[in-house]
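Everything below concerns the one structure shown next.
None of the figures in this text is laboratory data; all of them are computed from the coordinates on show. All values derive from a computational prediction rather than experimental measurement. Neighbour counts are summed over all protein chains in view; Cβ atoms, including those assigned to glycine, are modelled from backbone coordinates with ideal geometry.
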Amino acid sequence: MFTSHLSFEATLSPSISRHSLNGLTIVKIQSPTCDAAISLHGGQLIQFKPAGHQDVIWLSNKAIFSAEKAIRGGVPVCWPWFGPVSSPSHGFARISQWQLLDLTDNEQLVTIRLKLSASKQTQTLWPHDFSAVLTFTMGETLRINLEMTNTGESSWQWSGALHTYFNIAEATETWITGAGTTYIDNRQNNLFCETSEALIINQPIDRVYTAPDETIDIHDQGNQRIIHVRNEGHNTAVIWNPWKELSRSMGDMSDDGYETMVCVEANQYAKDLASGALLMPGENNALSTEISVTSLA
């Protein structure tokens, strides 16, 4: 577990402390309502465990904590584009250093805000001015809100995702409802498909669901719970599980890692940079996901 490798640096509030891990800054939350952790590298939540529940967020046991790459698991922030439409794949936000903007802490909720702004480094990859603020609100439920503002003098387009990895007991005993019945299948050259609503995880899955409900439910039968994923500001939802062959090919994921995870993502989909959501100078947009758990036991 990554927490055993954390080096304590400072106490920020009664429930929040700052640590380091391989040179990365980790903000750790231990409150009456949840345990959680956020890496400032990538602005990435890497743990969320509501009181009385098992971990909701999956983190690879072979995750590499390095300033050079994204962390495998948690909630990577894919922005200002999603997928391989430009380089680096899934945008630069998930491999950028975010600034701790502020925090609040009480017995019920912890709120942490991070900020990423345009810099010489980002403009070599994407020549636009912007400000992005990530707000994590954590208690019995988790809410992540990515708000982006066009701070420049010309318009730009964006796509992105809150690429949430969920911890499940066993993939083949898990099914998903609420994603809808139509999807783009990335494993079949973006073929448009229709299916029954319930998705059983028994094969490689890489789908962009085009008409999801506001809330998608992950029926984690092995853990006797339902994980509710409520998304806003999205036009699609991505569901992904790499399955056997791809898991074995990834150096930061164990061969059997696919058995205990599934990604269900709030997604603003675009087939290329030019067809992303338009943001005029001074305007802002937001993409968010809210996660809660119902026990079946």
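Structure notes:
- For the stretch 54-146: rounded, prolate or oblate by the Cα gyration tensor [a/c cutoff 1.5]: oblate
- Cα gyration tensor shape of the stretch 224-271, rounded if a/c is under 1.5, else prolate or oblate by comparing a/b with b/c: oblate
- Net length gained if the chain between M1 and A118 were fully extended (0.36 nm per residue, minus Cα distance): 38.8 nm
- Filter on K49/K120; K28/K62; K244/K271 - keep pairs with C-alpha separation over 29 Å: K49/K120
- Three-way shape label, the stretch 92-187, alpha-carbon gyration tensor, a/c 1.5: oblate
- Point-charge dipole on Cβ atoms (K/R +1, D/E -1) for the stretch 70-225, about Cα centre, debye to 20: 640
- The stretch 204-281 versus the stretch 114-142: alpha-carbon centroid distance in Å: 21
- Charges were assigned to the Cβ only: +1 to each Lys and Arg, -1 to each Asp and Glu. The resulting dipole of the stretch 1-91 about its Cα centre is roughly 100 debye.
- Residues with amide H under 5 Å from that of L45, placed H, sequence gap 5 or more: S39, V75
- Label-to-label distance, L100 versus T182, with points set 7 angstrom from Cα along the beta-carbon direction: 4.6 nm.
- Coarse-grained scattering of the stretch 166-231 at q = 0.17, 0.23, 0.27, 0.29 Å⁻¹, given as base-10 log I(q)/I(0) from a Debye sum over alpha-carbon atoms: -0.60, -1.02, -1.23, -1.29
- Between D272 and D129, the FRET efficiency from the beta-carbon distance, with R0 = 30 Å, is close to 0.90.
- A straight chain from K69 to E107 at 0.36 nm per residue would run longer than the Cα-Cα distance by 10.2 nm.
- Packing around the peptides 149-160, 45-56, taken as the average count of other Cβ atoms within 10 Å per residue, puts them in this order, highest first: 45-56, 149-160.
- Sorted by Cβ density within 10 Å, fewest first, the residues T124, T164: T124, T164
- Comparing Cα centroids, the stretch 1-61 and the stretch 160-184 end up 24 angstrom apart.
- N202-S13 pseudo-label distance in nm [points 7 Å out on the Cα-to-Cβ vector]: 4.6
- For the stretch 4-59, the convex hull spanned by the alpha carbon atoms encloses 84 Å³ per residue.
- Over the stretch 121-261, the reciprocal of the mean inverse Cα-Cα separation, the Kirkwood hydrodynamic radius, stands at 17.2 Å.
- Label-point gap, in nm, between N284 and S87 - each point 7 angstrom along Cα→Cβ: 3.4
- Panel order for H234, H219, H163, by other beta carbons found within 10 Å of each beta carbon, from fewest to most: H219, H234, H163.
- Across the chain, Cα pairs under 8 Å and at least six residues apart give a relative contact order of 17 percent.
- Computed E for T215/S254 - FRET, C-beta separation, R0 51 angstrom, nearest 0.05: 0.95
- From least to most packed, judged by other beta carbons within 10 angstrom and beginning with the fewest, C78, C34, C263, C193 follow the order C193, C263, C34, C78.
- Debye log10 I(q)/I(0) at q = 0.09, 0.13, 0.14, 0.15 Å⁻¹ for the chain, Cα point scatterers: -0.41, -0.89, -1.05, -1.22
- For the stretch 151-162, backbone phi angles converted through the Karplus equation (6.51, -1.76, 1.60; θ = phi - 60°) give residue-by-residue couplings of 9, x, 10, 9, 6, 8, 10, 9, 9, x, 7, 9 Hz, Gly and Pro being listed as x.
- Each residue of the stretch 8-13 is assigned a 3J(HN,Hα), and the resulting list reads 5, 10, 6, 8, 9, 6 Hz, derived from the Karplus form 6.51 cos²θ - 1.76 cosθ + 1.60 (θ = phi - 60°), x at Gly and Pro.
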